[in-house]
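Notes follow the structure.
The values are calculated or read from the model by the stated rules, or taken from the named source; none is laboratory data. Predicted, not measured: the structure shown is a model, and the values here were computed from it. Positions of Cβ are backbone-derived with ideal geometry, glycine not excepted, and every protein chain shown enters the neighbour counts. Remember, those area values only see protein heavy atoms, side chains included, never the ligands or the DNA or RNA. Shrake-Rupley method; radii C 1.70, N 1.55, O 1.52, S 1.80 Å.
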Amino acid sequence: MRLFIGILFLFTIFRLEAEEWKKHDIVPANPLNGNINTAFAHDWNGDGHMDVITSFRGTVSIFVGPDWKREVILHRYGPRDSQRRIGGGCIHSTVYDADGDGDMDFVGSNSTVFWLECPNENPLSGAWTFRSVDDEILGTHCLITGDVDGDGKLDLIANSGRSEGSTPFHDSLTWQKFPKKWQAAESWERHIFADKDAPGGSHYTGFGDVNGDGKPDISCAAKGGDKFEGGEWFAWWEQPADGSTPWKKHLLAENQVGATNIIPHDLNADGAMDFAATRGHGVGVLWFRGPDFKQIEIDKEIVGPHSLAIDDIDQDGDPDLAVCGHTEDGVAAWYSNDGKGKFEKHVVATNQGSYDTRLVDMDSDGDADILIAGHFSKNLVWFENPLK
């Protein structure tokens, strides 16, 4: 039986290597696009096809599936959106049903953290309402969701990654609770769980019960370097039993040049939580093996893997990794997992940049494709999983 499984695993890998990941353009590369930093796929009109929401050229837009040729503009940025100058697009975003009305709303970070309320009727009408989440935190490079307080409702996790003098909540990490009287609320309910305890340009966060106490914890990484003193670390924060703040910080590793991503996940099926991580402003993909979180390098050569996603890409029952470099000559790659935490690199594409990579079934054929917001590549693309 073990021999059969091994042969099947090698056959699956061979098929994925032998067949090309076909590239599909949603927004072709164009210098006039500006940086395209984030994207999220969801079927907003219920037609069975994935639509893609993104933010660039001064707007938030949905590109309508299945051919993504139709663009529906949901919001145009303006001076009323924030006390600060708004940029051309979001640095990061997520979607979830914030107001609990059964449809997916958009949450974005563009100098301010905001949400767009999806209309109950005809989400593709463009009549989405702009509302503030938090206009005081700054440098929010990551937005993810999770039920932090265990009340059965998703909360928003948002970092405040700028240094002292730029915001009262500098070098901090927050979780945000949706307000009860949200129609009149000027902001969400802010909880600072890492109060000035995340210096150095914090980047992406991860969510999960790291220590097995039944309460979710939050991980983060910071790049460091010029203007970001105190960074270059991977860490996680332990939620207290009583839900109070601040949370206890656990430093996983220091002197990690360009650290950006860290996501908790059991990567070797031993029942202990591990962490997958990348140095998106440096070099390398790595993981921390639980329960002692031994640091293990996966790829010591890949440059600037600024985005990281986890899913079973080859459908063999264990979690694989997908990354993409952030520069124009970046490499998009995935790493097959043998189920025990041994990873093998597979190149998907070259000359592709990214600030956001999602693993999602774009063509409804039952496998995980790779959706990439191109950042310096100034494109929005997806790569079709060749496994059939």
*Looking at A269, A332, which is the one that is surrounded by 22 or more Cβ atoms within 10 Å (Cβ to Cβ), farther than 23 Å from A235 by Cβ and not β-branched (V, I, T)?*
A332
*Restricting attention to the stretch 253-271, which residues are among the small types (G, A, S) and closer than 11 Å to K340 by Cα?*
A269
_Would you confirm, using the coordinates I've provided, whether E164 is part of a loop (DSSP other than H, G, I, E, B) and not aliphatic (A, V, I, L, M)?_
yes
*Across the stretch 54-85, what is the total count of residues that are in a strand (DSSP E or B), among the basic types (K, R) and touching a Ser or Thr at 6+ places or on another chain (Cβ under 7 Å)?*
1
*Considering the stretch 141-150 alone, what residues qualify as being touching a strand residue (DSSP E or B) at 6+ places or on another chain (Cβ under 8 Å), part of a loop (DSSP other than H, G, I, E, B) and either within 22 Å of P168 (Cα to Cα) or open to solvent by 20 Å² or more (accessible area, probe 1.4 Å) (or both)?*
H141, C142, D147, D149
*Name the pairs: first residue in the stretch 169-191 and under 15 Å from P246 (Cβ atoms) and open to solvent by 40 Å² or more (accessible area, probe 1.4 Å), second residue of a type in the set (A, V, I, L, M, F, W, C) and assigned to a strand (DSSP E or B), Cβ to Cβ under 6 Å, at least 6 apart or on different chains?*
H191/W175
*Evaluate the stretch 127-140: report whether one residue or more is at pLDDT 95 or above, open to solvent by 10 Å² or more (accessible area, probe 1.4 Å) and closer than 20 Å to T260 by Cα.*
yes
_Qualifying residues in the stretch 335-388 (those that are of a type in the set (A, V, I, L, M, F, W, C) and more than 19 Å from A41 (Cβ to Cβ)) - the one surrounded by the fewest Cβ atoms within 10 Å (Cβ to Cβ)_ = V347
*Confirm whether F130 is in contact with a Lys or Arg (Cβ under 7 Å, 6 or more places away or on another chain) and assigned to a strand (DSSP E or B).*
no
_Within the stretch 32-44, does at least one residue satisfy the condition of being modelled with pLDDT of 95 or more, within 16 Å of A373 (Cβ to Cβ), open to solvent by 50 Å² or more (accessible area, probe 1.4 Å) and touching a helix residue (DSSP H, G or I) at 6+ places or on another chain (Cβ under 7 Å)?_
no
_Can you tell me which residue is nearest to the chain's Cα centre (by Cα) among those in the stretch 101-126 that are farther than 19 Å from K177 by Cα and open to solvent by less than 30 Å² (accessible area, probe 1.4 Å)?_
N110
*Report, by residue number, each residue of the stretch 280-327 that is in contact with a His (Cβ under 9 Å, 6 or more places away or on another chain), open to solvent by 10 Å² or more (accessible area, probe 1.4 Å) and not in a strand (DSSP E or B).*
H281, F293, P319, H326, T327
_Here are the criteria: (1) at pLDDT 95 or above; (2) open to solvent by 60 Å² or more (accessible area, probe 1.4 Å). Tell me which single one G165 does not satisfy._
(1)
